[in-house]
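Right, one structure below, let's go through it.
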Amino acid sequence: MIALKTGSASPLGISLPCLKCSAPKRVGRIFITKASVVVEKKTAVIRIGTRGSPLALAQAHETRDKLMTSHPELAEEGAIQIVIIKTTGDKILSQPLADIGGKGLFTKEIDEALINGDIDIAVHSMKDVPTYLPEKTILPCNLPREDVRDAFISVNAGSLADLPAGSTVGTASLRRKSQILHRYPSLHVLENFRGNVQTRLKKLNEGVVQATLLALAGLKRLSMTENVSSILSIDDMLPAVAQGAIGIACRTDDGHMANYLASLNHEETRLAVVCERAFLETLDGSCRTPIAGYACRDENGNCLFRGLVASPDGTRVLETSRKGSYTLDDMILMGKDAGKELLSRAGPGFFDS
């Protein structure tokens, strides 16, 4: 290919115009004018609000793709816009979540943007969503749940049982810490091991800790399961309430968005999450309390719920379970009843140890 300069002769002997000039220039019998192109910017039909971490964006993209598949009008270019919102929880990484206000710090700014009309729907990791929802918002949609289990990751060990005594495991989760120390009291747990998945794996590779635990769901969504040393069973590590579930919120008065979300909702996941969150709400759970809960459909189609509370140091772990029909009312009652039982068994001062 021959590079040509304007205003010079081409190899064919034709004088090319200077395109910087606005007046028409004649080239043989052809007139060339400088044209202005007006591009009309398409207004997005749906603005999706999300945090900016790689995992949060993967979840927002999953939501976008499902909307585009279900609704052809949303498949047009520019119909869906992803709006990144930085939350307080993303900005403050040097302190434990419990010290700066708990899990709501990952949703507060996104909720405000939704209420103010800056976004149309909000995509959340359900385990980050407080048991109360802000006024003027609803959360009517859960996407199909990913694997709820925790993954063990280490450079030189295949499982928690393989770690030598005194090894350090990094986690920001009191739920994980208490269950680790309950089963393996010879291990040390480094708290406030925070940051996105990539940041934590970097710390692991740098030798800050000898191992860490991460939600398998997140690793799958990021296509990073090659880092997993082993997967912990539900019996070995009961998951966090709503782990692996994506929730999508909209404004209470926005029937148009509610209709879009209804087409994406996975009812089996939604009912399981409602059950688990009823358990958490009864316990008044926060980032200061080690709580785990998991509801699933058993082989007979019934709901099997398992719940756990623990002292932060892992010396005491209380568990319970419930079984009933896989229906909304029964599952809410199961979650609440299990929570009341563990509150009664724990007694005052249980979470202070």
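No value in this document is a laboratory result; all are computed from the given coordinates. Predicted, not measured: the structure shown is a model, and the values here were computed from it. So basically every Cβ, Gly included, is an ideal-geometry build from the backbone, and we count neighbours across all protein chains shown.
Take every Cα pair under 8 Å in segment 166-245 that's 6+ residues apart, average their separations, divide by the length, and report that relative contact order as a whole percent. Don't skip to the end; give the middle numbers.
Values: 76 pairs, mean separation 25.0, N = 80.
This gives 31 percent for segment 166-245.
In this simple spin-label model, placing a label point 7 Å from the Cα along the Cα-to-Cβ direction at both T69 and E226 gives a separation of 2.5 nm. Rounded to the nearest whole Hz, the Karplus-based 3J(HN,Hα) values (6.51 cos²θ - 1.76 cosθ + 1.60, θ = phi - 60°) of segment 163-170 follow the sequence 6, x, 4, x, 5, 9, 10, x, with x at glycine and proline.
What percent do you get for the relative contact order of segment 104-236 when only Cα pairs under 8 Å and 6+ apart count?
Details: 160 pairs, mean separation 39.9, N = 133.
After rounding, I find 30 percent.
Modelled label positions at D329 and N265, each set 7 Å beyond Cα in the direction of Cβ, lie 1.8 nm from each other. Placing a label point 7 Å from the Cα of R316 along the Cα-to-Cβ direction, the residues of segment 169-195 with a backbone N closer than 20 Å are 174-185. For segment 197-307, the Cβ-based charge dipole about the Cα centre amounts to some 420 debye (Lys, Arg positive; Asp, Glu negative; other atoms uncharged). Normalised by the number of residues in segment 271-353, the average gap of Cα pairs under 8 Å and 6 or more apart makes the relative contact order 34 percent.
Taking θ as phi - 60° and the Karplus parameters 6.51, -1.76 and 1.60, the scalar couplings of segment 195-205 work out to x, 6, 4, 4, 5, 5, 5, 5, 4, 5, 5 Hz in sequence order, x denoting glycine and proline.
Report the Cα centroid-to-centroid distance between segment 302-316 and segment 225-269 in angstrom, as an integer. Between the Cα centres of segment 302-316 and segment 225-269 lies a distance of 20 Å.
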